[in-house]
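Contents: one structure, followed by commentary.
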Amino acid sequence: MNGYGFTLSGAALVALPSGALYWPAQALLCVSDLHLGKAERIARRGGALLPPYETRATLERLDADLEATRAVRVICLGDSFDDLTAAEALPEDERLWLLRLMAGRDWTWILGNHDPAPVDYGGSHRRELALGPLSFRHIAERPEPEISGHYHPKARLASKAHPCFLLDAARLILPAYGAYTGGMFCHEPALCALMGPGALAILTGKRALPMPMPRVQLQARPRFTGFGR
């Protein structure tokens, strides 16, 4: 799976290249910020008409991760739908696809700021969930062993931006899993304030690649424009 293995509060976890988190001992897959139905929500509110394929792309990736890990437990860390109306407006084939993925699995929806109330898809709905040594919630709150999302962290490598996990001794922040989701660069103050010394950014892509979390935005070098007279 080309994932990156690490330990948080004694739990052996794997950051997958897709942006999902796998906990083998619990047969658990955790994803954050799917934002299903984003194109529909933007069009409904008079915004740009995006190609309406982001939900299918996200479900394809989730389907592949569930098949690869054989996870029997799933936690979605909030903002699973771009808003509550988008959850109701999913096309029937996409709704049935999601229900098929949920079938036979212990599925928990953590409430987010985009979807702050339960949706009609089954599973359980919680503000947060404690499991073993870890707490799962949408937004990072306390310096304790916690797993969260919300910020859509990303980092640059070779001039290309990659969604990334952020990891320190106390917490893990997941990247946005959904298509059409933007992000916040690691050097932004909100993320620097959350993450402790020695934090890692684990970049997604063909493989999960760890690197020291960027803390300072690099300033562009001034271009040489010739000698003045």
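Among the residues of the range 141-166, those identified as of a type in the set (A, V, I, L, M, F, W, C) and surrounded by fewer than 23 Cβ atoms within 10 Å (Cβ to Cβ) are Leu157, Ala158, Ala161. If the condition is being over 13 Å from the mean Cα position of the chain (by Cα), of a type in the set (Gly, Ala, Ser) and open to solvent by less than 40 Å² (accessible area, probe 1.4 Å), then the range 178-200 contributes Gly196, Ala199.
Looking at Ala190, Ala179, can you tell me which residue is of a type in the set (Gly, Ala, Ser), assigned to a loop (DSSP other than H, G, I, E, B) and either under 15 Å from Leu36 (Cβ atoms) or out of contact with any Gly (no Cβ under 7 Å at 6 or more places or on another chain) (or both)? Of the residues listed, the single one that is of a type in the set (Gly, Ala, Ser), assigned to a loop (DSSP other than H, G, I, E, B) and either under 15 Å from Leu36 (Cβ atoms) or out of contact with any Gly (no Cβ under 7 Å at 6 or more places or on another chain) (or both) is Ala179.
With Val72, Val14 as the choices, which residue is under 20 Å from Trp109 (Cα atoms) and modelled with pLDDT of 95 or more? It would help to see each step written out before you state the result.
On the way: Val14 fails: under 20 Å from Trp109 (Cα atoms).
Answer to the check: Val72.
Go through the range 167-176 and give me each residue that's assigned to a loop (DSSP other than H, G, I, E, B) and crowded, with 17+ Cβ neighbours inside 10 Å.
Filtering the range 167-176 down to residues assigned to a loop (DSSP other than H, G, I, E, B) leaves 168-170, 174-176.
If the condition is that a residue be assigned to a loop (DSSP other than H, G, I, E, B) and crowded, with 17+ Cβ neighbours inside 10 Å, then Asp168, Ala170, Leu174, Pro175, Ala176 are the ones that fit.
In the set (1) in contact with a Leu (Cβ under 6 Å, 6 or more places away or on another chain); (2) over 22 Å from Tyr22 (Cβ atoms), Ala140 fails one condition alone, (2). Within the range 54-75, residues that are of a type in the set (Asp, Glu) reach partners that are open to solvent by 60 Å² or more (accessible area, probe 1.4 Å) with beta carbons closer than 8 Å, at six or more positions or on different chains, in the pairs Glu54/Tyr180. Note on the range 96-113: residues that are open to solvent by 60 Å² or more (accessible area, probe 1.4 Å) and more than 18 Å from Arg73 (Cα to Cα) amount to 2. Picking from residues in the range 172-229 that are over 20 Å from Val14 (Cβ atoms), touching a strand residue (DSSP E or B) at 6+ places or on another chain (Cβ under 9 Å) and among the polar types (S, T, N, Q), the one that is modelled with the highest pLDDT is Thr181.
The values are calculated or read from the model by the stated rules, or taken from the named source; none is laboratory data. Quick caveat, the model's predicted, so the values are computed rather than measured. Counting neighbours? That spans all protein chains shown, and the Cβs are built from the backbone with ideal geometry, glycine included. Just the protein is used for accessible areas: all its heavy atoms, side chains included, with ligands, DNA and RNA removed. Shrake-Rupley method; radii C 1.70, N 1.55, O 1.52, S 1.80 Å.
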